[in-house]
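*Asks:* Take this structure, written in C-alpha cells, and hold onto it; I'll ask about it next.
A short reminder: the numbers here are calculations on the coordinates, not readings from a lab. Please read these numbers as outputs of a predicted model, since none were measured by experiment. As a convention, Cβ positions derive from the backbone with ideal geometry for all residues, glycine included, and neighbour counts pool all protein chains shown.
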Amino acid sequence: MAEKKINPILKLALELGPVVLFFVMFGRLKDRTFTLGGAEYSGFIVTTAAFVLLIIATSALLWALTGKLSRMQMMTLVLVVVMGGLSVWLNDERFIKMKPTLLYLAFGGVLGFGLLRGQSYLRLVMDEALPMQPEGWMILTRRLTAFFFALAVANEAVWRLMSTEAWVNFKTFGLTAALFAFFMTQGKLFERYGNEPPKTGN
C-alpha cells in the first residue's frame, strides 16, 4: 500500500509527541508515589505506563493517516510495548531503560549484517531522500553501524551509573543531539559522494 501524504508538522508531532510528553510528565511526577491495587509505583513507572499507551495510540493514528509504518517505527513500537510493559508489570525501571540499548543494537546489527553481505541496507531506506554514490553509502553505513553500537554502550553506562532523572535527560536530549551531530559531521562525505561521481586524486 502506497504511503499517504500528511502534514509534515502533524507527522513530526505524532512521532516526537510521546517522547516530549514522557519528559514533561516525568518532571511532574518524579517525586511522587502512587498506590494501585495494593502496590506502590513510582512516578517513573506511572509515566512509563502512560508512554506505552501514548505510543500505541500515536502509532495507530500514523498508520490510519499514512497507511503504513516504517520498519524503524515498528521496531520502536514493539520494544516500547515489550520493555515498557515489563517495567510496569514487574514494577522495575530497568526494562524501559534498556529499550534504547536494544534498539540501537538492533539497528547496528541489521546494518552490520548487510555490510557482511557487501550491501548497504541504509541505502535501501534513504536513497530517495539522499542520493549518493554506492561507495559513499558503504562508508556512511560503516560509520553509522559503529555509531549505533556506541550509543548502545553509552545508554547502558548512563542508566547503570547515573540517576533516573539523568537518564531521562540523556534519552530525551542527549541521544537526539548525538544523532543530529553525527549527520552534521558527515558533510564532507555527502559532498564527495553526492550526485556527482566521486572526486579522484585527493
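*Asks:* Considering only Leu65, Ser42, Phe95, whose Cα is most displaced toward the positive end of the charge dipole of the chain, charges sitting on Cβ of Lys, Arg (+1) and Asp, Glu (-1)?
*Replies:* The residue sitting farthest along the positive end of the dipole is Leu65.
*Asks:* Another question, if that's okay. Would you mind working out the magnitude of the charge dipole of the range 93-202 relative to its Cα centre, with +1 at each Lys and Arg C-beta and -1 at each Asp and Glu C-beta, to the nearest 20 Debye? The partial results should precede the final answer.
*Replies:* On the way: 12 positive and 8 negative charges, 53 e Å.
That gives the range 93-202 a dipole magnitude of about 260 debye.
*Asks:* Hey, what did the range 1-111 get for relative contact order, percent, Cα under 8 Å, at least 6 apart? It would help to have the intermediate numbers written out before the result.
*Replies:* Numbers: 103 pairs, mean separation 28.4, N = 111.
Once normalised by length, the contact order is 26 percent.
*Asks:* Quick one: 3J(HN,Hα) in Hz for the range 125-133, Karplus 6.51/-1.76/1.60 with θ = phi - 60°, rounded, Gly and Pro as x.
*Replies:* Result, rounded to whole Hz: 9, 10, 4, 5, 7, 9, x, 7, 5.
*Asks:* Where the only charges are on Cβ atoms (+1 Lys, Arg; -1 Asp, Glu), what is the dipole of the chain about its Cα centre, to the nearest 20 debye?
*Replies:* Its charge dipole is roughly 220 debye.
*Asks:* Let me ask something else. Pick from Thr76, Thr145, Thr35: which is most flexible by mean-square fluctuation in a GNM of the chain where alpha carbon atoms under 10 Å apart are linked?
*Replies:* Among Thr76, Thr145, Thr35, the largest mean-square fluctuation in the Gaussian network model of the chain belongs to Thr35.
*Asks:* Just how many pairs of Lys in the chain have C-alpha atoms closer than 12 Å, counting pairs that are eight or more places apart or on different chains?
*Replies:* On the way: Lys4/Lys68; Lys5/Lys68; Lys97/Lys171; Lys99/Lys171; Lys188/Lys199.
So the count of such lysine pairs works out to 5.
*Asks:* Also, quick follow-up: Give me, ordered by chain and number, the residues 5 or more places off Tyr41 or on other chains with an amide H under 5 Å from its own placed amide H.
*Replies:* Phe34, Thr35, Leu36
*Asks:* Another question, then. Let me spell out the model: positive unit charges on the Cβ of Lys and Arg, negative unit charges on the Cβ of Asp and Glu, origin at the Cα centre of the range 1-91. What dipole size does that give, in debye rounded to 20? All intermediate terms of the calculation are to be shown ahead of the outcome.
*Replies:* Working: 8 positive and 4 negative charges, 61 e Å.
Magnitude of the dipole: close to 300 debye.
*Asks:* Quick one: the Cα spread of the range 1-91 along its three principal axes, in angstroms, biggest first?
*Replies:* Result, largest extent first: 48, 23, 18 Å.
*Asks:* Using Cα pairs under 8 angstrom and six or more residues apart, how large is the relative contact order of the chain, in percent? All intermediate terms of the calculation are to be shown ahead of the outcome.
*Replies:* Values: 190 pairs, mean separation 35.4, N = 202.
That works out to 18 percent.
*Asks:* Hey, what do the phi angles of the range 141-150 turn into as Karplus ³J(HN,Hα) couplings, whole Hz, using 6.51/-1.76/1.60 and θ = phi - 60°, x for Gly and Pro?
*Replies:* 5, 4, 5, 5, 4, 4, 5, 4, 5, 5
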